[in-house]
1. Beta carbons within 10 angstrom, averaged per residue: use that to sort the peptides 89-101, 285-297, 377-389, highest first.
2. Please arrange Ile304, Ile401 by how many other C-beta atoms lie within 10 Å of their C-beta, fewest to most.
3. Between Lys408 and Met1, what FRET efficiency comes out of the Förster formula 1/(1 + (r/R0)^6) with R0 = 51 Å and r the beta carbon distance, rounded to 0.05?
4. For every other residue with a beta carbon closer than 9 angstrom to the beta carbon of Thr310, add +1 if it is Lys or Arg and -1 if Asp or Glu, then tell me the sum.
5. Compute the signed sum of charges (Lys and Arg +1, Asp and Glu -1) over the other residues within less than 14 Å, Cβ to Cβ, of Gly13.
6. For the chain, what proportion of DSSP beta bridges, expressed in % and rounded to the nearest 5, is antiparallel?
7. Extension gain Glu15-Lys326, at 0.36 nm per residue separation less the Cα-Cα distance, in nm?
8. Given charges of +1 on the Cβ of Lys and Arg and -1 on the Cβ of Asp and Glu, with all other atoms neutral, how large is the dipole of the range 99-282 about its Cα centre, in debye to the nearest 20?
Amino acid sequence: MKIIVCDPISPKGIELLKQRPEFNVVVLEKTATEDELCALVGDATALLVRSETKVTKKVIEAAKQLKVVGRAGVGVDNVKVEDATQHGVVVMNTPLGNMVTTAELAFGLMMALARKVPQAAAGLAAGKWLRKELAKDGIELHGKTLGVIGLGRIGSEVAKRAIAFGMKVVAYDPFLPEDRAKAIGVTLADLDEVYRVADFITLHNLVTDETRGMLNAAAFAKMKPNVRIVNCARGEVINENDLIAALESKKVAGAALDVFAKEPLPADHPYIAQAAKGNLILTPHLGASTKEAQEKCGLEVAEIVIAYLTTGEVRNAVNLPYLDAKTSEQVKPYLPLGEALGKLLAQLSTGADKLHITYGGNAKNLTNIDPVTRAVIRGFLSTSNLKDVNNVNVRSVAQSIGITVEEKKSDEPVTFNEWVHVQAFKGAEKLISAGGTFFGSPNNPRIVRLFSQPVEIPTSGTLLLLNNLDKPGIVGYLGTLLGKHKVNIASMSLGRDTVGGLALTVLSLDSVPPQALLEELKKDADISNVKVVKL
């Protein structure tokens, strides 16, 4: 497997990759352009990047064998995650590696704003003793209110340090449970409340359509006079012109920015002139730039890529749920069962637009049912003309063609120790359902319910399904007919609703039945709904 290290990472991380004999590790000497990268990635299994290399849609489309992109750092805005997902590529980052480093920088910038440290240092370097001039603007952090926007890993670390300094912390994070905030010692509030009460505001949120430019003139108008702003997240969350206007009007007493919408920051950018006025501190995206963080990120990105490619463990993925090695082993037996159920339903129904998956018995105790659900969907879509459907993109592909998926764990009593039941609907109409379990061991999956009738069907091979009148001699007749056409029966399952009623017969065959056999079956007045299914 070819692994391309596109940006500089820790030598220890590279060495970890090179220790694996199955990997061919290629380390690029400089950041490649889009066209240069496209020429290199055709046979690449993995790409390792930092923030310099742009993994664009064009690059992803050129990388026909790509399975994973590992980002040494938190942000993945240089990776087209949606395109990666559509092409079945897992995107992973390293949120822990630079967590402390970025939090420390954010807190350091907040202290620098409070005490005018850069201005004082620059004054002395120029031979000026600015004690009186700077003393009148200096403030303490103790007793002040810090507003944290985005209380994730880094935001939480900043909050802990602020509390240690005697600050009150309020935070806005719509995704954080209140009990988690209380455990840290933080009060959750809506965004307007944070703006209203905070003396300092520190940003730690991602760039989305909702957050892009969120700190704008309207937001500044809601803030306290002389508020101070720190941004070590992403430059795009601040409207640059509106921040400069707020600094000029002194609504914002000071700001410290480590990130910018365009990097490196152009020499003629308005921020440069504003910084010369003493109320704006600028640093060149140093958030993750410590020796410790670089080594941690380099090692972690190597470890998560190795784990994914060798064991299937999914860690820190931004487009696939977390799946550790233990959980992977737990769900592994269910995957062929789920895929077979999906394939069976797809071939026995037409026009389904919803799948409803129920996990019962021991299956409801699975730590993570998502991989099994993905297996069901993948099986259901495998009979279509869709190409390159895999575990990563299967949910988004289903959604894109109008198929919704519902899943639940059920405490209802079931006949079997493990139970996975799938129903296919077209609107409100249930088209078909099937359920599966294991016989004896997890290595022996079976489909045991179809059309609400008990059956026993293997999860692979060719099946011949039909309805027939429940009458003496039918089994012998079917055996004779298949024998005439040189088709061997591997196993047979019979089910009926009532004695003498309609029976469901499922034959597992050693070969695909010829069309002549199917036509002969269809001509029999006692036989209907003849179907061939390939699992």
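1. Top to bottom by mean Cβ count within 10 Å: 89-101, 285-297, 377-389.
2. Placing the least packed residue first, the sequence is Ile401, Ile304.
3. Numbers: r = 38 Å, r/R0 = 0.74.
The pair Met1/Lys408 has a calculated efficiency of 0.85.
4. Details: positive: Arg20; negative: Glu22, Glu313.
Surrounding charge for Thr310 is -1.
5. After counting each charged neighbour, the total is +1.
6. Details: 47 of 93 bridges.
Antiparallel bridges: around 50 percent, rounded to the nearest 5.
7. Length difference between fully extended and current span is 109.3 nm.
8. Working: 23 positive and 21 negative charges, 172 e Å.
Rounded to the nearest 20 debye, it is 820 debye.
Throughout, read-outs are computed from the coordinates displayed, never taken from laboratory work. Just so we're clear, the structure is a prediction, and the values are computed from it rather than from any experiment. All Cβ positions, glycine included, derive from the backbone under ideal geometry; neighbour counts span all protein chains shown.
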